[in-house]
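Structure first, commentary second.
The values are calculated or read from the model by the stated rules, or taken from the named source; none is laboratory data. In this text the structure is predicted, and so the values were computed from the model without any measurement. Note that each Cβ is placed from the backbone with ideal geometry, even for glycine, and that neighbours are counted across all protein chains shown.
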Amino acid sequence: MTSTLSRRDFLKMGAAGAAAVAIGTMLPPKVAQAARQAGLINAEGDGTITSMCEMCVWRCGLIARIKDGRVVKLEGNPEHPHSKGKLCPRGQSGLMNTYDPDRVLTPLIRVGKRGEGLFRKASWDEALDLVASKMQAIKDQYGPEAMVFSSTHNLSQPLFENLLYAFGSPNYGTQRSLCFNAMITAFLLTYGIEEPSRNYDNVEYILMVGRNLMEAISTSETSELSHAIDRGAKLVYLDPRYTKTASKATEWIPIRPGTDSAFLLAMINVIVSNELADCDFVRKYMVGCDDIQEEMSRYSPAWAEQITGVPAATIERIAREYAAAQHNALAHPGWRTSNFINSFQTERAIATLNALSGNVLRPGGCLSAEIEAEGAGLGAPSQPPYPRLSALRLDGTPWKYPLVPLKLGVFQELRDAIVSGEPYQAHGWFISRQNPIQSLPDRTKTLEAFAKMDFIVTVDIIMNDTAWYSDVVLPEASYLERYDPLLPVGDKAYIRQPVIEPQGEAKSALWIYKQLGERLGLGDYFQYEDEEDYIRQQLVPLGVSLEDIKAKGYADMPEKDEEQEITFNTASGKIEVYSETLKNAGFSPWPTWEEPPMPASNEFYLLTGKVAQHTQFGTQNNQLLHKYSDEPKLWMNPKAAADLGLSSGNWVEISSPVGKAHIILLVTEAIRPDCVYMTPGYGHLSKGLKTAFGVGASDSALHVTYTDPISGGQALTQTFVTVKKA
Amino acid sequence: MKMSLTIQPRFRLPLIVWILLGLMGIALVVALVRYAVGIGPISDLSNSYPWGFWISLDLFTGVAIGSGAFVIASIVYIFELKEFQPLTKPAVLTGFIGYIMVVISLLVDLGHPERIYYMLIHTNHTSVLLEIGICVMSYLTVLAIEFSPVVFEGIKKDKWAHFIHKFIIPFIIIGVVLSTLHQSSLGSLLLIQPTKLHPLWWTPILPVQFFISALAIGLGMVILESTLSSRYFKRGLESHLLEKLGKAIPVILVIYLISKFGELLWAGDLHFLFSSGWMGILFWAEILIGSVIPMIWFSIRRLRQNPNALLTGAIILLFGMILNRFNVSWFAIQHPDPITYIPTFMSNVKYIPTLPEMAVSIGIFSAGILAFGLAAKYLPVFDNEPEKTQY
Amino acid sequence: MSEIINHAFLFDATRCIDCRACMVACSVENNIPMNKTRIWVAGIGIKGEFPKLESASMVYHCMHCAEPDCLSACPVGAYTKRSDGPVLYDPDKCIGCRYCMNACPFGVPHFDYDKGLIEGAFIDKCTMCPQRIDVGLAPACVATCPTDALEFGERADLIAKAHARIQAHPERYIDHVYGEIENGGTSYLILSHVPFTELGLPEIGSIPVKEVSETVMGYTIPFALGWSAVLSAVAAGVHLYNQKNEKRSSAEEKLEDSK
């Protein structure tokens, strides 16, 4: 029986009527002057420019092809480890990202009410003066902590943090708690590093909990996983939905949402109780090896079967297969692990499984716990120390969340504190390269938070939802139009340099932050003339000129000393499967089972998950990606649909405790009967996004805010919804 | 209802003419829109259905309908069965108008009608469509020459008419050869689609089958056109001639049926006859209506000798044969539908001709009727005496 | 310059993740308007019943056949086959008859149904990126495919590679390289884990589809000449016969009259 997924489902072009436009007929893609000056373009106007993509956080190296002084194509940089010569669909659409007709190209100052989208164009001077004066006024009246700064991590983050900390505010919002807090906190506590790197060269057995790599594409890793499967590696993939990764997996386990840790704990049970791990060897590096058998004895496969719905025999077999592969087994750490409150425990179990297989202990093993410090080895402009921060952080770190690193924070808590005014009221919000209205759960509440602000300023390239509701919008240059600080990857430092002459009055973040900093009297923290000067200062320890790195695309970093001993950056210096730190904070020291909430009989788990053509909420307006996207619909299993009397194509109303949405239904076998799925990132409010406006529904309008007390991670899948005909 | 085509002093045109003009006007408007914004907005054609209503009706059926001309011409001029002379001029006129209608419809259907003459300067000799194009263009010329005596007689230039008549035989032969080529080539158009045309129809001898059926269609058309024009233009009906033509039809149809079923037998495709669902139904419909029933019908003398029954038989025959043309060019063709995700540029796997689409064909057809009527009114198309030819 | 004698693609359906990077890259490389595409995805979607499911997708290109049907069918010869592989279309000759769309067994050529006379309605299809392969680059789609589902190179080498892959994992692949012999050989070779028809590919033998059509067309001129000769002979014969009969009957009449 064939049930095709999106047979003839396609997106009609938006009202903008850009139907017949091709990339090349858009604004003349003049090559950046900086590239010409660096001699990268020859006399005929042909050449290549090496830079980095920013369509997602993987930041593949790219090479832009120039013909007759025009940028015609982006290719992957074969010498960059994250792309290895390839670009995913979003990377390939980068030119469209720059030529989006809905880009903001001048500073804008709001004239209507917030949310009306009425702005007037202003000069940079006027806009920057206004922003600085407003921020200063808030600082003078309420203290610097009343100014919230948030940015999704990007290459200019160090300068953003300068603004934040030099200003004196502790309130730092990043997207991390909506994404990988569970993973990072778990691995920090267990291995002492944020995220272990994966090596697929010799892998034989891969266990993935979610991490839909075939759709949440990280170019090089997706490629390596695919090639590993090609070579014969086995992939066991846990996901309530039949994703593209599921279709490539050797075994797809449609596990009940929220119960992954039960599955994994049962696996650990099987491995340690049958002594399949080489405990004598791992004892040297692992805390808890002696007691783990007893601790895990309660998590039998039979017990796990009750909870997960996966047969005990299957769990047992997979555990044995995993253990048999020894250090060529990999339990993937995952990425967006903000699913359930117990996701932290899931990550702890994954870390434990890897420790038991020994793959993390051997150099060249599937998992590497080597520390890669950001920015180490690069120069930086001098700056004075930051002022002492006196106020509490609104996001509860560390006074409410003792184990959440300050760098991660708890973004949803920050938003809630803005709404509640506790422990104090925030008054201003500086947002850079971030879209809190779309990213935070419970969109209504986020809009409430916005309403509480006296002043909101957004730095972005396009009129997205957050810019739509702001008071001032400062146009950043797109990643193809600007310099950013250098990014070290492996043993090289890579450059992002302008490929296209910035359109309109768009400027780089390096420039914007400096301009703002100077107006706030914080010029000492931005001691560089311009972007090129900044990079030159970064290059000083490497002894490489700017011209060299622009031509080559990268500079070699000094070699690190070979580590003789394997050490872990934990309190004990070993892998802490048993964590004293957790115990002292009042939590279970072992990976443990925490029962997740379950939906009522008339409710569904609301799943979201990536599609290969989009990055979160930032690309739905990109016409090239829109063209090749499936129409966003609500997936539902035929049995569930039949019970509700629904069929494909029906308009349905999906309701959660905090919101409602209308969406078209797609009945498909590719999902558990107790789950529904919607593509994230649609349902934009901004009419300034002419392609994306009116398409699909917003998942963030439906998500309820649930925060894990240990890692601060938001539990996105703990929202239960009802569905009925609209 | 008998209508008169006489033009009254007060310039009142009869209702039928207004209707025809109206339909032509609609077609013209649709064509202009098509030229402005493309074929897509006014039709249901798509990448799955590049050819549809226009090609099936205007090209396939239109060309078949014009086959009366060469059939009669060969009967009268090659086989010298002079008694059928009175039927030639109307048949040639029908053919001439019919082929002009084909060309007009191509001017709407082609993506670049202004480049239609490219078929004469850029030629790809393996292309069946090229052969049809050149043949149709040449045959139009021949038909013009064959019909020119009527025009010359109409404008009282009898000497010119006689001049043409002296050299008519070579043109007749050329006309028959050209007709044979393009009538059969319409079938050959499908030879390059063996994976798409259903095995009940696809065969390497498609051109032969098309030619044989064109002979039957030609005879049927002559019967139809003669009978109808006798009613509307109030002239005598050569029923005895038509009856004789009718006698030949069963012979042709027998040969046709042998070619159809014999081919299926030889290719081992007989099993498709009863196992092909809708395709089988369409096949049997076309065989029964277009061949079996007319074969029986025209064998019965009583029916042949009754003008009404003769007409009915011709209509049945034509309906069945037109169904065959539609089957071969549209209904029995499998249109590609890879199960696509997006973009659904092949999405139109259903094809239902739109009203504007059909309006174009109807308008062209109305123009043809009007042209026939005008010619019949003002030119000596119908004379009841056999031409006295001098050798 | 490319040193390859016969360029071809190799597509491995087991590797395709339907990410559509190829399609975006093609659109940018070849400056395709937003409402058109030269390559598209085909496949079975998702087949089966939860939880026993299967899926397959394929990037659908021009097959760049060795014996192209479009080339054979086009009345004005708007298609050419380069000796090193690509089948190219020349819009300057096209009259928009769309016969090529009928002829192509793979449904490749697409037409501008939304363009009128002024803008010009043409066919569009994959060109194998000659502007890239002539300077030694792979076509845009191949260059960017993250999982190397698409590969490019010398046709003979790719066929050998494909068979080697089947040998190495016989449980994974259908034991056939589609395009090796189909339609007389194509330059788009396909490996699959599901039957090729489920990827939307027609079942075609090794005899080129255009064979019958071209053979019949080859007889056109000889037939025309022969048929003319026959008809002339018949006409002449009938005429002479009738003349003789007329003379005889008029002679008989004279005889009757004279009696």
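Restricting the range C:203-254 to residues that are within 18 Å of the chain's Cα centre (by Cα) and hydroxyl-bearing (Ser, Thr, Tyr) leaves a set whose member that is nearest to the other protein chains (Cβ to nearest Cβ) is C:SER213. Within the range A:447-458, being in contact (Cβ under 8 Å) with a residue 40 or more places away in the chain and in contact with a helix residue (DSSP H, G or I) (Cβ under 6 Å, 6 or more places away or on another chain) holds for A:PHE455, A:VAL457.
Looking at the range B:169-191, can you tell me whether even one residue there is touching a Leu at 6+ places or on another chain (Cβ under 6 Å), surrounded by fewer than 24 Cβ atoms within 10 Å (Cβ to Cβ) and more than 12 Å from chain C (Cβ to nearest Cβ)? The answer is no, given that none of the residues of the range B:169-191 is touching a Leu at 6+ places or on another chain (Cβ under 6 Å), surrounded by fewer than 24 Cβ atoms within 10 Å (Cβ to Cβ) and more than 12 Å from chain C (Cβ to nearest Cβ). From the set of residues in the range C:68-98 that are touching a Ser or Thr at 6+ places or on another chain (Cβ under 9 Å) and closer than 21 Å to C:GLU119 by Cβ, which is nearest to the other protein chains (Cβ to nearest Cβ)? Checking each candidate, the answer is C:VAL76.
Residues are listed down the side, and each one gets a yes or a no for (1) assigned by TED's automatic domain parsing to the domain that holds C:ALA149; (2) under 20 Å from C:ALA103 (Cα atoms):
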| residue | (1), (2) |
| --- | --- |
| C:ASN183 | yes, yes |
| C:SER187 | yes, yes |
| C:PRO195 | yes, no |
| C:GLU198 | yes, no |
| C:PRO202 | yes, yes |
| C:LEU225 | no, no |
| C:SER228 | no, no |
| C:LEU240 | no, no |
| C:LYS254 | no, no |
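For the range C:10-67, filtered to residues that are of a type in the set (D, E, K, R) and within 7 Å of chain A (Cβ to nearest Cβ), the residue that is surrounded by the fewest Cβ atoms within 10 Å (Cβ to Cβ) is C:GLU49. Just checking, does the range C:169-188 include any residue being over 30 Å from B:VAL76 (Cα atoms) and within 12 Å of chain B (Cβ to nearest Cβ)? So far as the range C:169-188 goes, yes, one or more of its residues are over 30 Å from B:VAL76 (Cα atoms) and within 12 Å of chain B (Cβ to nearest Cβ).
Scanning the range A:664-678 for residues that are buried (at least 20 other Cβ atoms within 10 Å of the Cβ) and more than 13 Å from A:ALA701 (Cα to Cα) turns up A:LEU665, A:LEU666, A:VAL667, A:THR668, A:GLU669, A:ALA670, A:ILE671, A:ARG672, A:CYS675, A:VAL676, A:TYR677. Among the residues of the range B:104-118, those identified as facing chain C (nearest Cβ under 9 Å), in a helix (DSSP H, G or I) and either in contact with a Lys or Arg (Cβ under 8 Å, 6 or more places away or on another chain) or surrounded by fewer than 23 Cβ atoms within 10 Å (Cβ to Cβ) (or both) are B:LEU106, B:PRO113, B:GLU114, B:ARG115, B:TYR118.
Those strands (runs of 3 or more DSSP E) of the range A:404-506 in which 3 or more residues are among the β-branched types (Val, Ile, Thr) occupy A:455-460. Counting only residues that are free of Cβ contacts under 8 Å to residues at least 24 places away in the same chain, out of contact with any strand residue (DSSP E or B) (no Cβ under 7 Å at 6 or more places or on another chain) and either crowded, with 19+ Cβ neighbours inside 10 Å or within 14 Å of chain C (Cβ to nearest Cβ) (or both), how many does the range A:244-286 have? Summing the residues that are free of Cβ contacts under 8 Å to residues at least 24 places away in the same chain, out of contact with any strand residue (DSSP E or B) (no Cβ under 7 Å at 6 or more places or on another chain) and either crowded, with 19+ Cβ neighbours inside 10 Å or within 14 Å of chain C (Cβ to nearest Cβ) (or both) in the range A:244-286 gives 0. The single residue among C:VAL76, C:VAL41 that is closer than 24 Å to C:ASN102 by Cβ, modelled with pLDDT of 95 or more and either in contact with a helix residue (DSSP H, G or I) (Cβ under 8 Å, 6 or more places away or on another chain) or not assigned by TED's automatic domain parsing to the domain that holds C:LEU201 (or both) turns out to be C:VAL76.
Selection within the range C:101-125: residues that are facing chain B (nearest Cβ under 7 Å) and not in a loop (DSSP other than H, G, I, E, B). The member of this set that is surrounded by the fewest Cβ atoms within 10 Å (Cβ to Cβ) is C:HIS110. Among residues of the range A:625-652 that are in the same structural domain as A:ARG241 (by TED's automatic domain parsing), none has a Cβ under 6 angstrom from a residue that is small (Gly, Ala, Ser) and not in a loop (DSSP other than H, G, I, E, B) at a sequence gap of 6+ or on a separate chain. Looking at the range A:624-637, which of the residues that are closer than 13 Å to A:THR668 by Cβ and more than 8 Å from chain C (Cβ to nearest Cβ) is surrounded by the fewest Cβ atoms within 10 Å (Cβ to Cβ)? Ranking the candidates gives A:ASP630 first. The set of residues in the range B:201-218 that are assigned to a loop (DSSP other than H, G, I, E, B) and farther than 21 Å from B:ILE316 by Cβ comprises B:TRP202, B:THR203, B:PRO204, B:ILE205.
Would you check which residues across the range C:25-34 are touching a residue at least 60 places away in the same chain (Cβ under 8 Å) and in contact with a Ser or Thr (Cβ under 8 Å, 6 or more places away or on another chain) and list them?
Within the range C:25-34, C:ALA25, C:CYS26, C:VAL28, C:ASN30 meet the criteria.
Can you spot a residue in the range B:119-128 that is within 26 Å of B:GLU357 (Cβ to Cβ), in a helix (DSSP H, G or I) and of a type outside the set (S, T, N, Q)? Checked against the condition, which is being within 26 Å of B:GLU357 (Cβ to Cβ), in a helix (DSSP H, G or I) and of a type outside the set (S, T, N, Q), the range B:119-128 yields at least one hit. Could you tell me which residue of the range B:8-59 is surrounded by the most Cβ atoms within 10 Å (Cβ to Cβ), considering only residues that are within 13 Å of chain C (Cβ to nearest Cβ) and aromatic (Phe, Trp, Tyr)? The extreme case among them is B:TYR49.
Of all residues in the range A:136-159, those that are in contact (Cβ under 8 Å) with a residue 24 or more places away in the chain have Cβ atoms under 7 Å from Cβ atoms of residues that are acidic (Asp, Glu), 6 or more apart or on another chain, in A:ILE138/A:ASP454; A:LEU155/A:ASP484; A:SER156/A:ASP484.
A search for C-beta distances below 6 Å between a residue of the range A:29-42 that is more than 16 Å from A:ARG482 (Cβ to Cβ) and assigned to a helix (DSSP H, G or I) and any residue that is basic (Lys, Arg) and modelled with pLDDT under 75, counting only pairs 6+ apart in sequence or on different chains, returns nothing. Within the range A:559-568, is there a residue that is assigned by TED's automatic domain parsing to the domain that holds A:TRP124, surrounded by fewer than 18 Cβ atoms within 10 Å (Cβ to Cβ) and out of contact with any strand residue (DSSP E or B) (no Cβ under 7 Å at 6 or more places or on another chain)? No, there is no match, as no residue in the range A:559-568 is assigned by TED's automatic domain parsing to the domain that holds A:TRP124, surrounded by fewer than 18 Cβ atoms within 10 Å (Cβ to Cβ) and out of contact with any strand residue (DSSP E or B) (no Cβ under 7 Å at 6 or more places or on another chain).
Residue check: is A:ASP230 surrounded by fewer than 23 Cβ atoms within 10 Å (Cβ to Cβ), more than 21 Å from the chain's Cα centre (by Cα), within 14 Å of another protein chain (Cβ to nearest Cβ) and under 29 Å from C:ILE166 (Cβ atoms)? Yes, satisfied.
Here the strands (runs of 3 or more DSSP E) wholly within the range A:59-121 that include at least 2 residues being of a type outside the set (A, V, I, L, M, F, W, C), touching a strand residue (DSSP E or B) at 6+ places or on another chain (Cβ under 8 Å) and closer than 30 Å to A:ALA451 by Cα are A:119-121.
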